[in-house]
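Notes follow once the structure below has been shown.
The values are calculated or read from the model by the stated rules, or taken from the named source; none is laboratory data. Quick caveat: nothing in here was measured; it's all calculated off a predicted structure. Ideal geometry is used to build each Cβ from the backbone, glycine not excepted, and the neighbour counts take in all protein chains shown. The protein model used for the area step is the full one, side chains on, heavy atoms only, and it has no ligands, DNA or RNA in it. Shrake-Rupley method; radii C 1.70, N 1.55, O 1.52, S 1.80 Å.
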Amino acid sequence: AHLNPSHEVAQLEGQITLRNPDLLLRGASATYNLTNQAAQLNLAHYVMHQQRLRGSAWQLEQLSDGRLLLTDASLTSCAPQDNAWRLVASKIKLNQETGFGDAYNVRMQVQKVPIFYWPWLRFPIDDRRHTGLLAPSISWSKSSGLDYLQPIYINRAPNYDATLYPRQISKRGFLMGGEFRYLTAKNKGQLYYAQINNDKEFNQLNRWQFSAQHQGSYARLNYKLDFNQVSDASYLKDL
């Protein structure tokens, strides 16, 4: 460790470890400001304990306000020694105060295989809910062809929210679904509806599904309602 004459900045080399209750940083070399706790690490690894995130970066900067800036970096929530999935980006910014991360030139990898690419991606790094895109689903079947589902989450209030389910099915057409969830002191439930118009594999007919679940209490009576209906007997098998 080399301190400058004013004892404000330290140049560190060899197996650097910086710890605080929520964050662990390791690096091969670092510059550390003893006045405002800002740090820059090279060949870095990090663990965010509360968020259960970890990753590595060619260069990592911890700013005085606690934000992390990562260059040529990766991020995953998998356990150590497990890289089932990870985000790899040219730059990642993590803000623990707002609960958001921003990544640029992003690839999502399963094992070492790239699956998706985004020029820019914003994602939550804790349990706070945010409006935005959820993980998509892609599948293929002989009867439907390529099936792509892109859920969109809408955070309206602490006790109710909604999710849209736009879905493109190559052999059938476009299916749109929506879910609404609510919670009060004595009641909770959810409503769901989805419809596809002119299903090309089902005689160009419109097909739909509706479901409603509700649990509540009145006086000393607890009750539960569960209602489901589909347009035809083959809907659940096909869609």
(request) Could you run the Debye sum over the Cα atoms of the chain, one equal point scatterer each and no solvent, and tell me log10 of I(q)/I(0) at q = 0.10, 0.12, 0.15 Å⁻¹, two decimals? (result) -0.68, -0.86, -1.07
(message) Under 5 Å between amide hydrogens, which residues at least 5 positions from VAL9 or on another chain qualify, with H placed 1.01 Å from N in the peptide plane?
(response) ASN4, LEU34
(message) Please report the carbon-and-sulfur percent of the accessible area for the chain; probe 1.4 Å, protein heavy atoms only, DNA, RNA and ligands left out.
(response) 54 percent
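When ligands, DNA and RNA are left out and all protein chains stay put, how many square angstrom of accessible area per residue does the chain have with a 1.4 Å probe? Present the calculation step by step, with values, prior to reporting the outcome.
On the way: 15000 Å² over 239 residues.
Averaged over the residues of the chain, the accessible area is 63 Å².
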(request) Quick one: what are the phi-derived ³J(HN,Hα) couplings along segment 127-142, Karplus 6.51/-1.76/1.60 with θ = phi - 60°, whole Hz, x for glycine and proline? (result) 7, 5, 8, 9, 5, x, 7, 8, 4, x, 10, 10, 8, 9, 9, 5
(request) Please list the equivalent ellipsoid semi-axes of segment 152-239, computed as the square roots of five times the alpha-carbon gyration tensor eigenvalues, in descending order and whole angstrom. (result) 31, 17, 6
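For segment 1-97, which chymotrypsin sites (Phe, Trp or Tyr not before Pro) are in a loop by DSSP, counting at most 13 other Cβ atoms within 10 Å? Let's see the in-between values first.
Working: sites: TYR32, TYR46, TRP58, TRP85; in loops: none.
Counting only loop positions with at most 13 other Cβ atoms within 10 Å, none of the chymotrypsin sites (Phe, Trp or Tyr not before Pro) in segment 1-97 qualifies.
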(message) Per residue of segment 231-239, what does 6.51 cos²θ - 1.76 cosθ + 1.60 with θ = phi - 60° give for ³J(HN,Hα)? Whole Hz please, x for Gly and Pro, Karplus curve as stated.
(response) 6, 8, 5, 9, 4, 5, 5, 7, 10
(message) Please give the Cα centre distance for segment 30-51 versus segment 196-232, rounded to the nearest Å.
(response) 51 Å
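Could you pull out the chymotrypsin sites (Phe, Trp or Tyr not before Pro) across segment 116-157 that fall in loop regions by DSSP (anything but H, G, I, E, B) with no more than 14 other Cβ atoms inside 10 Å? Display every interim value, and only then the final one.
Values: sites: PHE116, TYR117, TRP120, TRP140, TYR148, TYR153; in loops: none.
Listed in order of number, the matching sites amount to none.
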(request) With a cut-off of at most 16 other beta carbons within 10 Å, and DSSP calling the residue loop, which trypsin sites (Lys or Arg not before Pro) in segment 38-83 qualify? Please list them. (result) ARG52, ARG67
(request) In whole Hz, with x marking every Gly and Pro, tabulate ³J(HN,Hα) for segment 25-35 from phi via Karplus 6.51 cos²θ - 1.76 cosθ + 1.60, θ = phi - 60°. (result) 10, 10, x, 7, 8, 7, 10, 10, 9, 6, 7
